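Chemist: First, the structure itself, so that you have it in front of you.
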Amino acid sequence: MAATEQTTAPSPTSEVRDLVTRRVAQAYSAGFITDVESETIPIGLSEDVVRLISLRKNEPQWLLDWRLKAYRRWLKMDEPKWAHVNYEPIDYQSISYFSAPKSMKDRPKSLDEVDPKLLETYKKLGIPLREQEMLAGVVPQVAVDVVFDSVSVGTTFRKKLAEAGVIFCSISEAVHDHPEIVKKYLGSVVPFGDNYFAALNSAVFSDGSFVFIPKGVRCPMELSTYFRINERNTGQFERTLIVAEERSHVSYLEGCTAPQRDENQLHAAVVELVALDDAEIKYSTVQNWYPGDENGKGGIYNFVTKRGDCRGPRSKISWTQVETGSAITWKYPSCILRGDDSVGEFYSVALTHHRQQADTGTKMIHVGRNTRSTIVSKGIAAGHGQQSYRGLVRVLPSAHGARNHTQCDSLLIGDQCGAHTFPYTEIRNPTAILEHEATTSKIGDDQLFYCRSRGISEEDAVSMIVNGFCKQVFKELPMEFAVEAQKLLAVSLEGAVG
Amino acid sequence: MNEQTHMLDIDNLHAKVEDKDILKGLSLSLRPGEVHAIMGPNGSGKSTLAHVLAGREGYTVTQGGVKFRGQDLLAMEPEERAAAGVFLGFQYPVEIPGVTNLYFLKAALNAQRKSRGEKELDAADFLAYVKQRVKQMQMDPKMLHRGVNEGFSGGEKKRNEILQMLVLQPSMMILDETDSGLDIDALKVVADGINAMRGPTTATLLVTHYQRLLDHVQPDRVHVLADGRIVKSGGPELARELEEKGYAWLQPQKAA
């Protein structure tokens, strides 16, 4: 059973239209290029390239075999066409599948040995890498793994985390240092043949983060990974794996940026989460990949598979995402609610401006008894942006007493944008209770005039109204990220509205 | 009359909405300290006047002008008018979901203060300031943490308009049908709020359909608006006369 509702923006209000036309493109502040010498393998994809990546990373045979199986599967698959997005066909032979700064070749032992130019990049982006500064309370304490193109540059606070038993490192290191865990869980949530982009990722994935929280441990600090694409004509294929053992708890954040370039770049990531009995994983994303210019030139194709497995009873996985970047977003962070009484949550703010397109949502698969899921999706479309919510709630016969609440709101700014809703439900247990609410509204003259008549400028009014609209999602973000997200939203809307 | 002593001076104002002429030569002056009431039948142009004064888009002034303390009011943006001290109490206040009243009031007050070159209030000072006024309006302080007018009843919305007025402390208040939708207790509270703002340096223009608000807020002058013009002016007794006789008897004087 599938229901489809489509809404296109009503005619523009004069004030909003003025605002849209008056403001021109806002500079993307993360759009700079770091001038480092990189070793980038020639463009193109073949078994040899898969072998080369594995060799460069000095991987064990089992992983190479896994990659090759994925590659062979990928060759037989077709790129999905069902998403409500339009783009020129991707030429997979024109992309380089591995690029690393030369200075990283000798594997610096700590961040102190890393090329200052790389560190400077993160400083410019405002990513705290200096543990001393954090310890001094200058910035909040967050452990960070930074991934530059295809390699992890370094991870902070490893010692402090190790004392708690928490493993936080790059997936490449984990393959060497903790092969038994990686082997057990890699591909156990998103199999290598799951979908076209997941298969591609499984074949060529370069780096990403690995988190392991042992039984009964509450991770002592926020963990985060910062992804940066720098090199031209490269794709980024990160792979993240988070395993939370019984009764453990972790909150993880990821952020992403890329330079401003005229060509499109592909980012096809896979994220797998595993929560065992009574464990809780909170995964937050602030995605700010380069969105392309106002005419739709350039920008990242963000084709991502994220899935969490609530494997144990009473486990909980919560996805929160703020998606403001990328030319195209294709992303459905999902939860498999396998354990009885497990809980899945999805909170999303997606903003499309200029020519950006987003087809995003979630899947909640209810398997266990009394499983509960909550979906709150807030889509904002401005300029010529296209915004689609696509969500599936599936209740299997085994899922007695399953409950879902879905709330899906769209906010339109101007008359050239569109918002679409594609909610799907598959209910195979009569005890399920599902609620679905959907609204579409636009920032109207009435609201703007009301604010202005109280002395608030047009721009501040728009930003206030949009933030109010997103509040339910922002409150799910860790405090320091919530502030970032609000700022990011305001910046992303500049040039569209305010 | 000497223009310098006027707070608001509306001179031969003509305005249209889309292609329809609504105001057709309206003249009216208020001095500091005065409260005037504008009454009139539906469709006479009362709300248009209120919106033109606050600067709403979509209304075109074709003739005449408005001076506020000697300044050309119509040349100012809505937010500039607010910072200069003009306040419009809306007939239909809008909802802004997710933006708390507290945040909204603080943003509004500080935006106005900033534009006047005054120091912005910090969170603690502001909270104390606003709580006092919430009490004055006999509202539940919890409303400060609810969205602006979100899920408010008609009466609560009107009370909230007066609360905003008390917080922003304007000098020229234009209240558009603030009495409609209020029960008798709420009407009293709203009237007390309006009276509290009365003083030698403020002026109020009450746009109303009924006499009942004027039982609680005694106007200095009452004007009858019909077909875009003032057709009759008088003292408070005029309002009572209108209550008894309705507006029909004034219609023939349209050309006056």
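Chemist: Among (1) at pLDDT below 95; (2) open to solvent by less than 10 Å² (accessible area, probe 1.4 Å), where does B:M172 come up short?
Modeler: Every condition holds for B:M172 apart from (1).
Chemist: Next up: Pick out the one residue from B:A196, B:A226, B:A248 that is surrounded by 15 or more Cβ atoms within 10 Å (Cβ to Cβ), of a type in the set (G, A, S) and on the phi < 0 side of the Ramachandran plot.
Modeler: B:A226
Chemist: Limited to region A:411-460, what total is found for residues that are within 25 Å of B:K157 (Cα to Cα) and of a type in the set (D, E, K, R)?
Modeler: Adding up the residues that qualify gives 8.
Chemist: For A:S326, work out the one condition from (1) over 12 Å from the mean Cα position of the chain (by Cα); (2) surrounded by 24 or more Cβ atoms within 10 Å (Cβ to Cβ) it doesn't fulfil.
Modeler: (1)
Chemist: Follow-up. Might you let me know whether region A:235-249 holds any residue that is of a type in the set (G, A, S), open to solvent by 20 Å² or more (accessible area, probe 1.4 Å), out of contact with any helix residue (DSSP H, G or I) (no Cβ under 6 Å at 6 or more places or on another chain) and without any contact (Cβ under 8 Å) to a residue 60 or more places away in the chain?
Modeler: Checking region A:235-249: not a single residue is of a type in the set (G, A, S), open to solvent by 20 Å² or more (accessible area, probe 1.4 Å), out of contact with any helix residue (DSSP H, G or I) (no Cβ under 6 Å at 6 or more places or on another chain) and without any contact (Cβ under 8 Å) to a residue 60 or more places away in the chain.
Chemist: Quick one: which of B:A203, B:A196, B:A226 is in contact with a Ser or Thr (Cβ under 6 Å, 6 or more places away or on another chain) and not charged (D, E, K, R)?
Modeler: B:A226
Chemist: Further, regarding this structure: Which members of region A:310-325 meet the condition of being in a loop (DSSP other than H, G, I, E, B) and under 19 Å from A:C470 (Cα atoms)?
Modeler: A:T324, A:G325
Chemist: Also: Are any residues in region B:166-196 more than 26 Å from B:N110 (Cα to Cα) and assigned to a loop (DSSP other than H, G, I, E, B), and if so, which ones?
Modeler: B:E177, B:D179, B:S180, B:G181, B:L182, B:D183
Chemist: Restricting to region A:332-370, name every residue that is assigned to a strand (DSSP E or B), surrounded by fewer than 24 Cβ atoms within 10 Å (Cβ to Cβ) and modelled with pLDDT under 95.
Modeler: Within region A:332-370, just A:D359 meets the criteria.
Chemist: Quick one: is A:G455 under 30 Å from B:L102 (Cα atoms) and within 13 Å of chain B (Cβ to nearest Cβ)?
Modeler: For A:G455, the condition - under 30 Å from B:L102 (Cα atoms) and within 13 Å of chain B (Cβ to nearest Cβ) - is met.
Chemist: Tell me, which strands (runs of 3 or more DSSP E) lie completely within region A:4-103 with 2 or more residues that are at pLDDT 70 or above?
Modeler: A:38-40, A:99-101
Chemist: Based on this model, can you work out whether A:S398 counts as open to solvent by 30 Å² or more (accessible area, probe 1.4 Å) and small (G, A, S)?
Modeler: Taking the combined requirement at face value, the residue satisfies it.
Chemist: Does A:I317 satisfy the condition of being under 18 Å from A:V274 (Cβ atoms) and either modelled with pLDDT under 95 or surrounded by 24 or more Cβ atoms within 10 Å (Cβ to Cβ) (or both)?
Modeler: Answer is yes for this residue.
Chemist: Here's a follow-up. If A:I213 passes every condition in (1) buried (at least 23 other Cβ atoms within 10 Å of the Cβ); (2) within 20 Å of the chain's Cα centre (by Cα); (3) at pLDDT 95 or above but one, which one does it miss?
Modeler: It fails just one condition, (2).
Chemist: Continuing with this model, one more query. Which residues, taken from region A:246-282, are in a strand (DSSP E or B) and at pLDDT below 95?
Modeler: A:S251, A:Y252, A:L253, A:E254, A:G255, A:C256, A:T257, A:N264, A:Q265, A:L266, A:H267
Chemist: Which one of the conditions (1) over 12 Å from B:V217 (Cα atoms); (2) surrounded by fewer than 22 Cβ atoms within 10 Å (Cβ to Cβ) does B:L187 fail to meet, given that it meets all the rest?
Modeler: (1)
Chemist: Restricting to region A:401-416, what's the tally of residues that are crowded, with 20+ Cβ neighbours inside 10 Å and farther than 18 Å from A:W330 by Cα?
Modeler: 8
Chemist: Checking the structure you have, find out if any residue of region B:39-56 is of a type outside the set (G, A, S), open to solvent by 10 Å² or more (accessible area, probe 1.4 Å) and more than 24 Å from B:Y210 (Cα to Cα).
Modeler: yes
Chemist: When you scan region A:422-446, how many residues do you find that are within 14 Å of chain B (Cβ to nearest Cβ) and either over 30 Å from B:A82 (Cα atoms) or open to solvent by 30 Å² or more (accessible area, probe 1.4 Å) (or both)?
Modeler: Residues that pass the stated criteria total 7.
Chemist: Of the conditions (1) more than 21 Å from the chain's Cα centre (by Cα); (2) within 20 Å of B:M197 (Cβ to Cβ); (3) open to solvent by less than 60 Å² (accessible area, probe 1.4 Å), B:K158 satisfies every one except a single condition; which number is it?
Modeler: (1)
Chemist: Might you let me know whether region A:170-186 holds any residue that is at pLDDT 95 or above and part of a loop (DSSP other than H, G, I, E, B)?
Modeler: yes
Chemist: Would you tally the residues in region B:93-123 being within 8 Å of chain A (Cβ to nearest Cβ) and touching a residue at least 60 places away in the same chain (Cβ under 8 Å)?
Modeler: 2
Chemist: Pick from A:Y389, A:Y450: which is without any contact (Cβ under 8 Å) to a residue 60 or more places away in the chain, within 14 Å of another protein chain (Cβ to nearest Cβ) and crowded, with 21+ Cβ neighbours inside 10 Å?
Modeler: Only one candidate passes the filter, namely A:Y450.
Chemist: Now for a different question. Which residue is farthest from the other protein chains (Cβ to nearest Cβ), if the candidates are limited to region B:124-138 and must be in contact (Cβ under 8 Å) with a residue 12 or more places away in the chain and more than 21 Å from B:K157 (Cβ to Cβ)?
Modeler: B:L127
Chemist: Another one. Within region B:57-91, restricting attention to residues that are facing chain A (nearest Cβ under 9 Å) and in contact (Cβ under 8 Å) with a residue 40 or more places away in the chain, which residue is nearest to B:G25 (Cα to Cα)?
Modeler: The residue in question is B:G58.
The values are calculated or read from the model by the stated rules, or taken from the named source; none is laboratory data. Given the structure is predicted, the values throughout are model-derived calculations rather than measurements. Ideal geometry is used to build each Cβ from the backbone, glycine not excepted, and the neighbour counts take in all protein chains shown. With ligands, DNA and RNA removed, areas are computed over all heavy atoms of the protein, side chains included. Shrake-Rupley method; radii C 1.70, N 1.55, O 1.52, S 1.80 Å.
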